[in-house]
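A.B. asks: Mind having a look at this structure? Questions to follow.
The values are calculated or read from the model by the stated rules, or taken from the named source; none is laboratory data. None of the values given here were measured: they were computed from a predicted structure. Neighbour counts are summed over all protein chains in view; Cβ atoms, including those assigned to glycine, are modelled from backbone coordinates with ideal geometry.
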Amino acid sequence: MARSKIFFRTDASFEIGYGHVYRCLALADYLKTIGDSCIFLCKIFDGNLIDLIISHGHEVKKLSKSNDSFESTWLGSSFKNDAAQVKDVIGNQQVDYLIIDHYGIDYRWEKILKKFVKKIIVIDDLANRSHDCNYLIDQNLGRNKKDYENLTTSNTEFFIGPKYALLRPEFNQFRKESLANRLNPSLKNILINFGGVDVNNYSEKILSYLKKTKLDNIKKVEVVIGKGSRHLNSLQSACISFPYEVNIYSNISNMAEIMSKSDLIIGAAGSSSWERCSLGIPSIILILAPNQEQGALSLEANGCAVLIKNNQNFDDELNAGLHYFSNRTNLLKSVSACKKITEGLGINKLAKEIFNHE
């Protein structure tokens with residue numbers, strides 16, 4: 001018998017990306033193992049992950065888009081229309097928690113739904129709009145409660161920082177093995193990963209640079225692309241006559257294992273940053289969306305990553321980052337900094353502190 005009924009309001013699309021659904025799915029998977037019932041509320045956007053959510057054993061209630069407002073392209077309708085649909089789905093059900101991970105939703109939507117649920121949980125990483133919620137989770141490095149003091153109610157409880165990062169259990173499970181691989185590090189294996197979509201195909205841009213650049217110690221380059229990538233064919237073409245061993249993985253289920261074998265990861269400064277840190281892996285990162293800026297700057301300031309700041313000088317900055325991590329001392333310092341950021345047990349902490357699960 002389910003202990004709690006939990007609804008998730010989140011979306012994925014080629015435009016929105018996959019990070020919101022991925023982290024909600026990681027939390028839902030954990031809560032399901034301890035008896036909670038998790039139901040997702042999702043719009044049918046192009047590039048949605050509804051089939052993936054269902055494959056994990058969760059129910060999905062599909063919401064429809066409408067043309068009643070241009071105020072939120074992220075939401076696919078006005079907040080009133082979206083909230084009304086959610087209210088209809090909930091009906092007379094007893095909902096213990098409503099979890100919102102969506103940039104198109106703020107306090108106005110939350111006020112409409114709060115009378116129909118016991119507790120509202122917001123997952124945010126922008127701190128740019130007001131919320132009416134019981135709990136707020138922001139896993140960003142460098143974030144603090146003051147960033148939200150004028151954006152929330154007086155009774156909001158906060159869970160701030162990467163120690164609450166919503167990572168799948170596999171990352172903590174591979175942490176010990178990954179850290180053991182870095183006791184005497186050298187830059188031999190590079191992993192390229194830009195999330196589930198990689199709209200701008202940065203993976204190929206980096207492959208093209210590595211193809212023409214001779215780095216003495218590099219033995220292998222691997223690329224992981226997600227379900228939403230449309231660039232597999234061009235990436236395979238870019239790997240022809242490559243100076244290093246190259247492997248391309250698509251839509252994999254063993255990400256932590258593959259990451260744990262790499263010495264450096266080149267990717268976006270999004271939620272995957274906390275995956276890399278949990279495994280102690282340094283990175284070269286790019287800011288691909290405004291929500292990534294805070295974390296990216298903090299990661300660089302803490303010595304965990306080298307940030308490519310200027311796309312106009314992309315090759316030069318990438319080259320500088322690669323040469324920086326070719327130095328064993330720099331690599332070791334960055335490993336030490338990364339592993340202090342998070343152990344990858346954020347979901348366990350939240351399950352205990354919010355959902356009262358031991």
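A.B. asks: Those residues that are over 30 Å from R3 (Cβ atoms), touching a helix residue (DSSP H, G or I) at 6+ places or on another chain (Cβ under 9 Å) and assigned to a helix (DSSP H, G or I), I need them from the stretch 331-353; list them, please.
C.D. replies: Within the stretch 331-353, L331, S334, V335, A337, C338, K339 qualify.
A.B. asks: Hey, among D51, D11, which residue is surrounded by fewer than 20 Cβ atoms within 10 Å (Cβ to Cβ) and either outside the structural domain of S273 (by TED's automatic domain parsing) or closer than 17 Å to I123 by Cβ (or both)?
C.D. replies: Answer to the check: D51.
A.B. asks: Output the residues belonging to the stretch 1-24 that are touching a strand residue (DSSP E or B) at 6+ places or on another chain (Cβ under 8 Å) and assigned to a helix (DSSP H, G or I).
C.D. replies: H20, V21, R23, C24
A.B. asks: If I ask for residues that are more than 20 Å from the chain's Cα centre (by Cα) and under 16 Å from R9 (Cα atoms), which ones from the stretch 21-38 would you list?
C.D. replies: S37, the sole residue that qualifies.
A.B. asks: If you don't mind, there's one more thing I want to ask. Yes or no: the stretch 146-161 includes at least one residue that is touching a residue at least 24 places away in the same chain (Cβ under 8 Å), in contact with a Ser or Thr (Cβ under 7 Å, 6 or more places away or on another chain) and either in the same structural domain as C304 (by TED's automatic domain parsing) or in a helix (DSSP H, G or I) (or both).
C.D. replies: Within the stretch 146-161, none of the residues are touching a residue at least 24 places away in the same chain (Cβ under 8 Å), in contact with a Ser or Thr (Cβ under 7 Å, 6 or more places away or on another chain) and either in the same structural domain as C304 (by TED's automatic domain parsing) or in a helix (DSSP H, G or I) (or both).
A.B. asks: Does K32 meet the test of being under 17 Å from D96 (Cβ atoms), of a type in the set (K, R), assigned to a helix (DSSP H, G or I) and in contact (Cβ under 8 Å) with a residue 12 or more places away in the chain?
C.D. replies: When the stated conditions are applied, K32 passes them.
A.B. asks: May I ask you to say which residue of E275, E300 is within 26 Å of F174 (Cα to Cα), acidic (D, E) and surrounded by fewer than 22 Cβ atoms within 10 Å (Cβ to Cβ)? Talk me through it step by step, then tell me what you get.
C.D. replies: Values: E275 fails: surrounded by fewer than 22 Cβ atoms within 10 Å (Cβ to Cβ).
After applying the criteria, what remains is E300.
A.B. asks: Mind checking which pairs have a first residue in the stretch 229-247 that is modelled with pLDDT of 85 or more and a second that is aliphatic (A, V, I, L, M) and in a loop (DSSP other than H, G, I, E, B), Cβ under 7 Å, 6 or more apart or different chains?
C.D. replies: Pairs found: Y244/I218.
A.B. asks: Select from the stretch 219-243 the residues that are crowded, with 17+ Cβ neighbours inside 10 Å and in a loop (DSSP other than H, G, I, E, B) and write down the one among them that is farthest from the chain's Cα centre (by Cα). Break it down into steps so the answer makes sense when it comes.
C.D. replies: Of the stretch 219-243, the ones crowded, with 17+ Cβ neighbours inside 10 Å are 221-226, 228-229, 231, 235, 238-239.
Filter again for in a loop (DSSP other than H, G, I, E, B), leaving 226, 228-229, 231, 239.
Working: G226: 13, G228: 15, S229: 16, H231: 21, C239: 27 Å.
Applying the filter and picking the extreme gives C239.
A.B. asks: Could you please let me know if I34 is crowded, with 24+ Cβ neighbours inside 10 Å, among the β-branched types (V, I, T) and farther than 21 Å from G270 by Cα? Spell out the reasoning first.
C.D. replies: Details: crowded, with 24+ Cβ neighbours inside 10 Å: no; among the β-branched types (V, I, T): yes; farther than 21 Å from G270 by Cα: yes.
Criteria not met by I34.
A.B. asks: Take the residues in the stretch 339-358 that are crowded, with 16+ Cβ neighbours inside 10 Å and in contact with a strand residue (DSSP E or B) (Cβ under 8 Å, 6 or more places away or on another chain), then tell me which one is nearest to L187 (Cα to Cα).
C.D. replies: The selected residue is L350.
A.B. asks: I need a count of the residues in the stretch 167-204 that are in a helix (DSSP H, G or I) and crowded, with 17+ Cβ neighbours inside 10 Å.
C.D. replies: 9
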